[in-house]
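In what follows, a single structure is set out as structure tokens and then discussed.
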Amino acid sequence: MLDESLLDTPEALAEADHRGLLRGAAEAGARVRTAARHAAEAGIGDLKPDGRPRAVLIAGPGAAATHAADLLGTLAGPGSPVTRLAPTGVAPAAGALRWELPGWAGSVDLLLITTPDGTEPGLALLAEQAYRRGCTVAAVAPPGTPLAEAVAGAHGLFVPLATAPYEHDEPLAASAPGVLWALLTPLLALLDRIGLLGAPTGSLEKVADRLDQIAERCGPAIATYSN
């Protein structure tokens, strides 16, 4: 049941927001800008693809990775080659999750790995498996993690996860809006580069501006009658 008395009390709302969803929404625009910069620094704009991949396989744990795969598949339009790889294992135990490439995956396919963690053994194993199969590998994850090392070993493209513009004592939940945009933005830039969808730099900047406008108009400090 919603306690409506919280709606006009920003301090109480912040205390009740245990997963940091409000803060994540407020930071989303900044995350898009930082993620776009990281994508550019990783060299996505300098890529010279030979053509579109036969399949784009996306793997990652949690809601953010699932939503990113769904959004990319929708934006790619009818006949989209985007496929999410569902993990096997015990969901609450991140280290127990495993991902497998389809039997047909090979040198004409692209594997995208997205995670706000980067310590999942199953994702590092997946990157190694993709390298053995000849798949191109790209990942968005925190730097200095086992996954970052595995992607480097697979001669893949690694984009550091965009963090919040300032430090917090408590990290955001993996499903927070800012985390979703941090994972999604580099993938949009990459798929724009290979011609699978349209997401030029100018469009990403407009997305960041719109997210800032929404955060200002709908933030917890705005009175209910005008929110």
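The values are calculated or read from the model by the stated rules, or taken from the named source; none is laboratory data. This one's a predicted model, so the numbers in the text were calculated from it and none came from an experiment. Positions of Cβ are backbone-derived with ideal geometry, glycine not excepted, and every protein chain shown enters the neighbour counts. Note: accessible area is taken over every heavy atom of the protein model, side chains too, but ligands, DNA and RNA are not part of it. Shrake-Rupley method; radii C 1.70, N 1.55, O 1.52, S 1.80 Å.
Do we find that Glu167 is modelled with pLDDT under 90, open to solvent by 70 Å² or more (accessible area, probe 1.4 Å) and not polar (S, T, N, Q) in this structure? When the stated conditions are applied, Glu167 passes them. Selection of the range 28-50 for residues being open to solvent by less than 40 Å² (accessible area, probe 1.4 Å) and either at pLDDT below 85 or closer than 22 Å to Glu216 by Cα (or both) yields Ala28, Gly29, Ala30, Arg31, Val32, Thr34, Ala35, Ala36. Checked against the criterion of being at pLDDT 90 or above, open to solvent by 40 Å² or more (accessible area, probe 1.4 Å) and under 19 Å from Arg193 (Cβ atoms), the candidates Leu111, Leu71, Leu57 yield just one match: Leu71. Taking the numbered list (1) closer than 18 Å to Ala30 by Cβ; (2) at pLDDT below 95 in turn, Ala189 passes all entries but (2).
Of everything in the range 215-225 that is more than 17 Å from Asp3 (Cα to Cα) and open to solvent by 70 Å² or more (accessible area, probe 1.4 Å), the residue that is nearest to the chain's Cα centre (by Cα) is Glu216.
Can you find a residue in the range 102-115 that is in a loop (DSSP other than H, G, I, E, B) and within 19 Å of Ala189 (Cβ to Cβ)? Checking the range 102-115: at least one residue is in a loop (DSSP other than H, G, I, E, B) and within 19 Å of Ala189 (Cβ to Cβ). Only one entry in Ala14, Ala25 is hydrophobic (A, V, I, L, M, F, W, C), in contact (Cβ under 8 Å) with a residue 40 or more places away in the chain, in a helix (DSSP H, G or I) and crowded, with 19+ Cβ neighbours inside 10 Å, namely Ala25.
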